[in-house]
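The values are calculated or read from the model by the stated rules, or taken from the named source; none is laboratory data. What you are looking at is a predicted structure, and each value in this text was computed from that prediction instead of being measured. Note: ideal-geometry Cβ built from the backbone for every residue, glycine included; neighbour counts use all protein chains shown.
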Amino acid sequence: MSVSSLLQPIDNGLGAITLTEAENWMQGRTMYGGASALIAYTAAIRAFPDLPPLRAAQIGFVAPVGAEVELSAEIVRQGRNVAQVRSEIRSGGTVALTAFWLFGTEREPNAIHPVARPADWPGSPADAEPVMEGKGPTFIQRNFKLRRAQEASGKGAPVVRRWIRLSEPSGLDPLSELILLGDTLPPGAMRAMRRKGPISSINWSFNVLDPNPRTEDGWWLAETSSEWADLGYSSERLRLWNTNGRQVIGGMQSVAIFG
């Protein structure tokens with residue numbers, strides 16, 4: 001099922017719309033975070049189509065997002081090289097998601113420092129074991145394919161790493177696809193939980209390391225890693241690489257750990 005169906009109503013402009021394919025992207029009583037973030041991003045770039053490439057984002061998951069939403073977008077500031085845009089999703093009469101997008105033109109570099117490829121590269125996704133087939137939230141079963149990218153399983157070091165791709169071509173530009181994929185995995189702290197319990201993403205911020213990302217056969221390597229967990233929260237690092245080991249997204253997230 002193509003995500004383009006979920007985004008199609010945004011073609012009608014901002015304001016109140018009905019997301020006709022929302023049921024395929026639900027996670028409990030709210031829409032999966034990557035899908036709701038993509039809706040806010042799509043609202044921004046369709047409202048202001050002449051923006052330069054996306055460089056960074058800050059997203060707050062405030063309240064549940066349902067099928068009936070109201071979208072807004074505004075340019076906070078636009079300079080010669082950088083534009084800053086705020087977009088929001090309102091659902092059920094309240095703000096459900098707020099996002100701040102930073103767009104910037106390319107400039108002659110004054111510093112060059114390529115990100116290092118992980119030392120424990122897992123190999124090709126073609127050789128990896130499929131996981132989560134017929135399991136997990138509905139939105140994963142209907143929209144994603146996952147393959148194992150680490151030997152560890154069960155309790156242990158708070159890191160979750162998987163190869164991930166959409167089940168069918170999305171028709172999205174590469175950065176929109178990465179926004180959709182970037183929040184898919186559970187937090188790394190899941191592997192350190194003492195007992196089962198619900199988890200909830202509170203926010204997500206990321207930097208774009210490659211504004212024109214490419215990969216093989218739609219596969220991206222995703223990783224969530226807990227840097228600290230206590231007092232009911234986890235500070236998570238989120239990263240995405242292409243199949244050649246080039247990191248394309250670097251991010252952080254705060255997650256509530258219940259139970």
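Is it the case that some residue within region 129-138 is touching a residue at least 60 places away in the same chain (Cβ under 8 Å), among the hydroxyl-bearing types (S, T, Y) and not in a loop (DSSP other than H, G, I, E, B)? Among the residues of region 129-138, at least one is touching a residue at least 60 places away in the same chain (Cβ under 8 Å), among the hydroxyl-bearing types (S, T, Y) and not in a loop (DSSP other than H, G, I, E, B), which makes the answer yes. Here N24 fulfils each of the conditions (1) under 30 Å from A152 (Cβ atoms); (2) over 16 Å from the mean Cα position of the chain (by Cα); (3) outside any loop (DSSP other than H, G, I, E, B) apart from (1).
Against the test of being modelled with pLDDT under 95 and closer than 22 Å to P187 by Cβ, the options M1, M26 yield a single qualifying residue, M26. Among the residues of region 231-241, none qualifies, meaning not one is touching a Leu at 6+ places or on another chain (Cβ under 9 Å), in a loop (DSSP other than H, G, I, E, B) and not assigned by TED's automatic domain parsing to the domain that holds T30.
One line per residue, one yes/no per condition, for (1) among the hydroxyl-bearing types (S, T, Y); (2) farther than 30 Å from L19 by Cα; (3) more than 18 Å from the chain's Cα centre (by Cα):
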| site | (1), (2), (3) |
| --- | --- |
| S91 | yes, no, yes |
| A96 | no, no, no |
| R117 | no, yes, yes |
| W121 | no, yes, yes |
| A128 | no, yes, yes |
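Which residues, counting only those in region 92-114, are at pLDDT below 95 and touching a Gly at 6+ places or on another chain (Cβ under 7 Å)? Residue satisfying the conditions is G92 alone. Of the residues making up region 28-40, one or more are surrounded by fewer than 18 Cβ atoms within 10 Å (Cβ to Cβ), farther than 30 Å from N81 by Cβ and in contact (Cβ under 8 Å) with a residue 24 or more places away in the chain.
So, in region 152-175, exactly how many residues are among the small types (G, A, S) and buried (at least 19 other Cβ atoms within 10 Å of the Cβ)? Number satisfying all stated conditions: 1. Exactly one residue out of A189, A126, A119 is in a helix (DSSP H, G or I) and over 27 Å from R29 (Cα atoms), and it is A126. For region 140-162, a residue qualifies if it is in contact with a Gly (Cβ under 7 Å, 6 or more places away or on another chain) and in contact (Cβ under 8 Å) with a residue 60 or more places away in the chain, and the qualifying residues are P158, V159, V160.
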